[in-house]
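Note sheet for the following structure.
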Amino acid sequence: MSEEEEKKEAVVGESNRDDLAFFEFGDPLSAVGTKHLSDYLGVFMSHTLDEYYIPPVSMKGLIQLMKANPHHGTMPSFRANMLLKYLIDNPLLPRKVLKWFAIDIGATGNGYLQFIRNRLGVVVGLKHLPAVNMRRLPENNRYGYLDVNGKLIKFKPDEVFHFIDYDPQQQIYGVPYWFGAVQSILLGEDARLFPRRFFKNGAHAGNLLVTSGLETKEEEVLKLKLGQTKGIGNFRSAHLGLPKGDVDKSVKIIPIGEIASKIEFKGFYETSATDIMEAWRTRPELAGMRPENTGGSGDLDKIVDMNYENEVIPFQQDVMELNLFLPARYKLEFREKEKRSNTNS
């Protein structure tokens, strides 16, 4: 299997054959690279001894997409940092645990926390559970964790808190809202990989020089002079004189290795980055991208305020669903963003 096919398989289905069950109605590899990428069929049960619901989209594939594109890969962490920026410290929920939880939500649309309870059933701590290995069991409010050997470790009922980005097609697992930008994420990766492979593998011959009707001595002189253009002093201009011949008929240059220079990879890459930022509903300036216009990014304070009002606060409110399960004195809280003064000091 080629590297590209392995990448496609990782996005649409996991290595376990059970995790490909929901694609058995058609070719499991045809989803990536076609318009049917997000047309998954739903959630099905695994065919193993320990049954669980199979995610509609490969969790491993979603995680791998974070490494495929620099713009997309940084966004889950950025979103988590914005959440933690206004967090009021909570002894039951360490900042590191909340950050990992938030990164999972951004990357996979799912976040899991384990409730640590005392003998009285009161929550005394929260532990992060990696979303990539978590599975929903058929029993109500019960989950399992797939270890490195594929063995399912089951949790007790109501022991796991599951946050999902709502998916209208099913309500068992979350699907990240940026999922429609998968093609743009892969396009950005390909736009960088193709030129790199082109120059690295040496599969480009440059120009083909065709000669006809030249005498042997003339051909030898031509080979010698062309050979001297290599190394130091390369890309020098050369002169070829044929006193008794017709240059147009005797010498012809055929370009055969210029395809990489003719393809507008920069345009593909920039289009991909723009699509990703729009899918994340984030202004490029907040992601560290340089503005495309020479006029700059505009009022950054207004951009930050808009992101706070439209993205950070709703995310905070969603995560605060945890408060339904926490003791009253340990409720999750966030401080308000400081308002900037418009007057100059």
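The values are calculated or read from the model by the stated rules, or taken from the named source; none is laboratory data. Keep in mind that what you see is a predicted model, and the values were worked out from it rather than measured. All Cβ positions, glycine included, derive from the backbone under ideal geometry; neighbour counts span all protein chains shown.
Overview of results
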{"item": "Qualifying residue in the range 128-151 (condition: out of contact with any His (no Cβ under 6 Å at 6 or more places or on another chain), within 23 Å of Leu324 (Cα to Cα) and small (Gly, Ala, Ser))", "result": "yes"}
{"item": "Total residues in the range 123-154, condition surrounded by 13 or more Cβ atoms within 10 Å (Cβ to Cβ), farther than 16 Å from Glu51 by Cβ and among the aliphatic types (A, V, I, L, M)", "result": "6"}
{"item": "Failed item in (1) surrounded by 12 or more Cβ atoms within 10 Å (Cβ to Cβ); (2) modelled with pLDDT of 75 or more; (3) among the hydroxyl-bearing types (Ser, Thr, Tyr), with Thr216 passing the rest", "result": "(1)"}
{"item": "Residue in the range 90-110 that is in a helix (DSSP H, G or I), in contact with a helix residue (DSSP H, G or I) (Cβ under 6 Å, 6 or more places away or on another chain) and surrounded by fewer than 17 Cβ atoms within 10 Å (Cβ to Cβ) present", "result": "yes"}
{"item": "Lone unmet requirement of (1) crowded, with 17+ Cβ neighbours inside 10 Å; (2) modelled with pLDDT under 95; (3) of a type outside the set (D, E, K, R) for Leu49", "result": "(1)"}
{"item": "Given (1) modelled with pLDDT of 70 or more; (2) out of contact with any Leu (no Cβ under 8 Å at 6 or more places or on another chain), index of the condition Ile253 fails", "result": "(2)"}
{"item": "For Gly61: the one exception among (1) more than 17 Å from the chain's Cα centre (by Cα); (2) surrounded by 16 or more Cβ atoms within 10 Å (Cβ to Cβ)", "result": "(1)"}
{"item": "Candidates Val319, Val312 - the one that is touching a residue at least 24 places away in the same chain (Cβ under 8 Å), in a helix (DSSP H, G or I), under 30 Å from Arg117 (Cβ atoms) and among the aliphatic types (A, V, I, L, M)", "result": "Val319"}
{"item": "Enumeration of residues in the range 152-171 that are more than 17 Å from Met320 (Cα to Cα) and of a type in the set (D, E, K, R)", "result": "Lys154, Lys156, Asp158, Glu159, Asp167"}
